[in-house]
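The values are calculated or read from the model by the stated rules, or taken from the named source; none is laboratory data. Note that this is a predicted model, so its numbers are computed, not measured. Backbone-built Cβ (ideal geometry, glycine too); neighbour counts: all protein chains shown.
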Amino acid sequence: MSVMFSASLVCAVALAAVALSGCAGKSSAAVPASGGAEAPEPPAAETGSVFDEAMRRGLPRGGLLIVADTATGVASLHSRRGELLRMPFSWASAGIGAEAGSNKTPPGWHRVAERFGDGAPRGAFFVSRRHTGRVIPPSGWNAPDPAEDAVLTRIMWLDGLEPGVNKGGAVDSHARYIYLHGTNQEHKLGGPASHGCLRFSNADIERLFELARDVEVFCLVK
């Protein structure tokens, strides 16, 4: 009797092992073997990303995208392959808005329409997008308040891409002279401080200008 019970127990254990083996086999089959064909490399700008959205709005595949995030005070520069640069920036003291005369920073999608200052020294002082010949040295880049709102080093003039939001009529970013530019108030970068423009450190705006040379650039302000 005990011999028959032992034999039955052995058979049961063997059958259970086979069943478990079959389950393990199904689970393993769902995971590609390391020796099999490699999965294709995912694209750097995944479907649904902000860069894909920029391309849908007309940015060439080889273009660049600046994302200026007022929630963090950081602007990031992206190519199709990924992030290239992170920079603190300042936006309007009056906040986000597009109305003419509001001194607010316009939201949404823009393109860099015009550029000024190529070859000018770092700290070059601009009035109406023309270098005055004056150069503010680094000792003057953290001017106390109240201070002259200097436009320094480089200018990248934005043009809105969204009719009714930042394009046309009283909300037109280009007509409002909304720039990316260097500043003499670098200590305020990372928070609201400007009269509507997006301010960067003089080193960062110079570097951004060089990276974007001869390339179409979009800018998303959010």
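With respect to G108, is the statement that it is touching a residue at least 40 places away in the same chain (Cβ under 8 Å), under 21 Å from the mean Cα position of the chain (by Cα) and surrounded by 13 or more Cβ atoms within 10 Å (Cβ to Cβ) true?
In short, yes.
Evaluate the following for L158: is it in a helix (DSSP H, G or I), buried (at least 19 other Cβ atoms within 10 Å of the Cβ), modelled with pLDDT of 95 or more and not charged (D, E, K, R)?
Against the criterion (in a helix (DSSP H, G or I), buried (at least 19 other Cβ atoms within 10 Å of the Cβ), modelled with pLDDT of 95 or more and not charged (D, E, K, R)), L158 does not qualify.
With respect to T183, is the statement that it is at positive phi and touching a strand residue (DSSP E or B) at 6+ places or on another chain (Cβ under 7 Å) true?
Considered against the rule, which asks whether it is at positive phi and touching a strand residue (DSSP E or B) at 6+ places or on another chain (Cβ under 7 Å), T183 comes out as no.
Within segment 91-148, track down each residue that is closer than 28 Å to G164 by Cβ and of a type in the set (D, E).
E99, E114
Of all residues in segment 121-132, which are within 9 Å of L152 (Cβ to Cβ) and outside any strand (DSSP E or B)?
Residues satisfying the conditions are R122, G123.
Restricting to segment 165-182, count the residues that are of a type outside the set (D, E), over 17 Å from K222 (Cβ atoms) and in a loop (DSSP other than H, G, I, E, B).
So the count comes out to 5.
Taking the condition loosely packed, with under 15 Cβ neighbours inside 10 Å, touching a strand residue (DSSP E or B) at 6+ places or on another chain (Cβ under 7 Å) and modelled with pLDDT of 95 or more, does A175 pass?
Spelling it out, it is not the case that A175 is loosely packed, with under 15 Cβ neighbours inside 10 Å, touching a strand residue (DSSP E or B) at 6+ places or on another chain (Cβ under 7 Å) and modelled with pLDDT of 95 or more.
Could you count how many residues in segment 130-149 are without any contact (Cβ under 8 Å) to a residue 12 or more places away in the chain and touching a strand residue (DSSP E or B) at 6+ places or on another chain (Cβ under 6 Å)?
Qualifying residue count, segment 130-149: 2.
For segment 48-98, give me each residue that is part of a loop (DSSP other than H, G, I, E, B), among the hydroxyl-bearing types (S, T, Y) and touching a residue at least 12 places away in the same chain (Cβ under 8 Å).
The answer is T70, S93.
Is it the case that segment 126-140 has a residue that's under 23 Å from A71 (Cα atoms) and either touching a Gly at 6+ places or on another chain (Cβ under 9 Å) or buried (at least 18 other Cβ atoms within 10 Å of the Cβ) (or both)?
No, there is no match, as no residue in segment 126-140 is under 23 Å from A71 (Cα atoms) and either touching a Gly at 6+ places or on another chain (Cβ under 9 Å) or buried (at least 18 other Cβ atoms within 10 Å of the Cβ) (or both).
Looking at (1) in contact with a Pro (Cβ under 9 Å, 6 or more places away or on another chain); (2) of a type outside the set (V, I, T); (3) part of a strand (DSSP E or B), can you tell me which one A113 breaks?
(1)
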